[in-house]
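Here is the structure we will look at, set down as structure tokens.
The values are calculated or read from the model by the stated rules, or taken from the named source; none is laboratory data. Note that this is a predicted model, so its numbers are computed, not measured. Cβ sites come from the backbone with ideal geometry, for glycine too, and all protein chains shown count toward neighbours. Just so you know, the surface numbers come from the protein's heavy atoms only, side chains and all, with ligands and any DNA or RNA stripped out. Shrake-Rupley method; radii C 1.70, N 1.55, O 1.52, S 1.80 Å.
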Amino acid sequence: MRTKDQFFSNKDITVTYSPTKCMNAERCASELSNVFRQSVIPWIDLEGDSSENIINQVKKCPSGALQYCLNKKEAC
């Protein structure tokens with residue numbers, strides 16, 4: 001079964017989640033649980049913290065399953 005990438009946006013950024021790349025390290029959920037939620041759908045809530053904190057957390061993703069782009073500067 002092929003799983004599609006998921007996109008989440010706020011006014012500043014768009015976060016892409018690629019489930020086929022995810023190694024379920026759960027680093028995102030344990031370090032920024034108000035954004036990356038384990039038991040709520042949608043599981044990513046970009047209103048849960050500042051865009052700067054979300055970007056910093058996405059950069060820590062060990063598998064690269066989480067990516068981001070700036071809405072005003074890049075084509076997402």
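Scanning segment 27-50 for residues that are in a helix (DSSP H, G or I) and under 20 Å from ASP5 (Cα atoms) turns up ARG27, CYS28, ALA29.
Hey, among the residues in segment 23-41 that are over 11 Å from the mean Cα position of the chain (by Cα) and open to solvent by less than 80 Å² (accessible area, probe 1.4 Å), which one's farthest from TYR68 (Cα to Cα)?
Taking segment 23-41 and keeping what is over 11 Å from the mean Cα position of the chain (by Cα), we get 23-27, 30-31, 33-34, 38-41.
Imposing the further condition that a residue be open to solvent by less than 80 Å² (accessible area, probe 1.4 Å) reduces the set to 25, 33-34, 40.
On the way: ALA25: 18, SER33: 18, ASN34: 17, VAL40: 21 Å.
It comes out as VAL40.
Checked against the criterion of being among the aliphatic types (A, V, I, L, M), surrounded by fewer than 16 Cβ atoms within 10 Å (Cβ to Cβ) and in contact with a Ser or Thr (Cβ under 9 Å, 6 or more places away or on another chain), segment 55-75 has at least one qualifying residue. Among the residues of this structure, SER51 does not count as one that is open to solvent by 60 Å² or more (accessible area, probe 1.4 Å), hydroxyl-bearing (Ser, Thr, Tyr) and in contact (Cβ under 8 Å) with a residue 12 or more places away in the chain. Among residues of segment 1-25 that are without any contact (Cβ under 8 Å) to a residue 24 or more places away in the chain, those with a beta-carbon under 8 Å from a residue that is outside any loop (DSSP other than H, G, I, E, B) at least six positions away or on a different chain give the pairs ASP5/THR16; ASP5/TYR17. Please indicate, with yes or no, whether at least one residue in segment 45-57 is of a type outside the set (D, E, K, R) and at pLDDT below 95. No, that holds for no residue. Scanning segment 1-18 for residues that are surrounded by 12 or more Cβ atoms within 10 Å (Cβ to Cβ) and in a loop (DSSP other than H, G, I, E, B) yields ASP5, ASN10, ASP12, SER18. Checked against (1) touching a helix residue (DSSP H, G or I) at 6+ places or on another chain (Cβ under 6 Å); (2) surrounded by 12 or more Cβ atoms within 10 Å (Cβ to Cβ), ILE44 passes all but a single condition, namely (1).
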